[in-house]
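Below is one structure, written out as structure tokens; the observations come after it.
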Amino acid sequence: MTNSAAQPATKVIKTGQRGLSNPVSEFSALLHTIRDAGLLHRKRTFYILTFAVITLLMAASWFGVVMLNGTWYTLIIAGVMGVLFTQYAFLAHEASHRQVFESGRANDLAGRVLADLFVGISYSWWMSKHSRHHANPNTVGKDPDVEKDYIVFLEEDAKGTTGIKRWLLERQGWLFFPILLLEGLNLHIHAFIEVFSKGRTVDKRALEITLLSVRNIGYVAVIFWILPLGMAFAFLGVQLAIFGLYMGSSFAPNHKGMPILPRDAKVDFLRRQVLTSRNIKSGTFMNHFMGGLNYQIEHHLFPNMPRPHLPHAREIVLEYCQKLGIKYTEVGLFTSYGIVIKHLNEVGLAARDPFDCPAAGRFGRA
């Protein structure tokens, strides 16, 4: 069944629940159906054409920067570049999941070049963080995407907060999307922290350092060479803001506000992935706009499925979940944003002292 209602802030899935007696066979049957339908076959032509279109638009954007000669219209192109860098990041994400080529080595090479050289973020950092997320989505203590950061995702992490931090937490849902304007800069900083930290294992560290340095230092140098000083700063600010907002707005609707699993949850793979994920109602445009992330349930069940096959897979997975009585959540994009805002605000309210009320103020605490 589909569900458009908002999810409780930190609803915890009860462990031990099963639809049928053999959950392993349940997923195996679904996997066989998907495989027999040819939905795991690679679609290299799609990715080559997508990369070519993005690159052509990026080349046109650079041409526009030069031709506009530092006028304020240049900032429009800065926004366009923020969108295009995010599109490159979607391709890097898909390569990291082995969706593009049959060869794992070819996918890794494509992903690393796209992430480090084109986008300017660390492929190794992304692989480590994102792999842990896929293995245990919305699982306390295992999913890095629900760990405490400048945004708090779990009520227990919000409790006991005081002062200005508490005030901000209570409103973190409303602040979430404005904060994403800084996420682009944050991703670039994380990239350099990752590759230069001696205590971290970084695959092909020297190559990543080289690619990241060429991209980030070279990109900034070219911007300041082409544009006047003030315009160069404005250009970078707009580009990074759009990049961060677009990235965050594409990934945020997928799990935020969905049920949370305790660390020791005994939930089978099929239910773990379906019950903690949310699809976005969509068509062809949204599939390109969100890089396939709009089919989050199917993506989590079959991470190596190419983007063009996801719509067909949705039909199969939805029917299968209805048959097993597994809740399948799918809402509109802006509805999902509303759920995220509400969820984060509710989590932030956990920072309040339970005795903070007029009556408690008059009669004192026990």
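Each value in this text was obtained by applying a stated rule to the coordinates, not by laboratory testing. Remember, it's a predicted structure, so these values are computed and weren't measured experimentally. Don't worry about glycine lacking a Cβ; one is built from the backbone with ideal geometry, like all the others, and counts go over all protein chains shown.
Suppose we filter the stretch 119-141 for residues that are surrounded by fewer than 19 Cβ atoms within 10 Å (Cβ to Cβ) and assigned to a loop (DSSP other than H, G, I, E, B); how many remain? Residues that pass the stated criteria total 1.
Evaluating Leu57 against the criteria (1) of a type outside the set (D, E, K, R); (2) farther than 21 Å from Met247 by Cα; (3) touching a residue at least 24 places away in the same chain (Cβ under 8 Å); (4) surrounded by fewer than 17 Cβ atoms within 10 Å (Cβ to Cβ) leaves one unmet condition, (2).
Cβ-Cβ distances below 6 Å connect the following pairs, each with a first residue in the stretch 296-323 that is closer than 17 Å to Ile280 by Cβ, a second residue that is of a type in the set (Asp, Glu), and a separation of six or more residues or different chains: Leu310/Glu298; Ala313/Glu298; Arg314/Glu298; Val317/Glu298.
Among the residues of the stretch 142-161, those identified as part of a loop (DSSP other than H, G, I, E, B) and in contact with a strand residue (DSSP E or B) (Cβ under 9 Å, 6 or more places away or on another chain) are Lys142, Asp143, Phe153, Leu154.
Scanning the stretch 89-125 for residues that are among the hydroxyl-bearing types (Ser, Thr, Tyr) and in contact (Cβ under 8 Å) with a residue 60 or more places away in the chain turns up Ser122, Tyr123, Ser124. Filtered by the rule that a residue be without any contact (Cβ under 8 Å) to a residue 40 or more places away in the chain and either among the charged types (D, E, K, R) or farther than 16 Å from Val80 by Cα (or both), the stretch 209-232 gives Ile209, Thr210, Ser213, Ile217, Gly218, Val220, Ala221, Val222, Phe224, Trp225, Leu229, Gly230. Applying the criterion of at least 2 residues that are within 17 Å of the chain's Cα centre (by Cα) to the helices (runs of 4 or more DSSP H) found wholly in the stretch 185-275 leaves 229-251, 269-275.
Of all residues in the stretch 312-334, those satisfying the criterion of being of a type outside the set (A, V, I, L, M, F, W, C), in a helix (DSSP H, G or I) and surrounded by fewer than 17 Cβ atoms within 10 Å (Cβ to Cβ) are His312, Glu315, Glu319, Gln322, Lys323.
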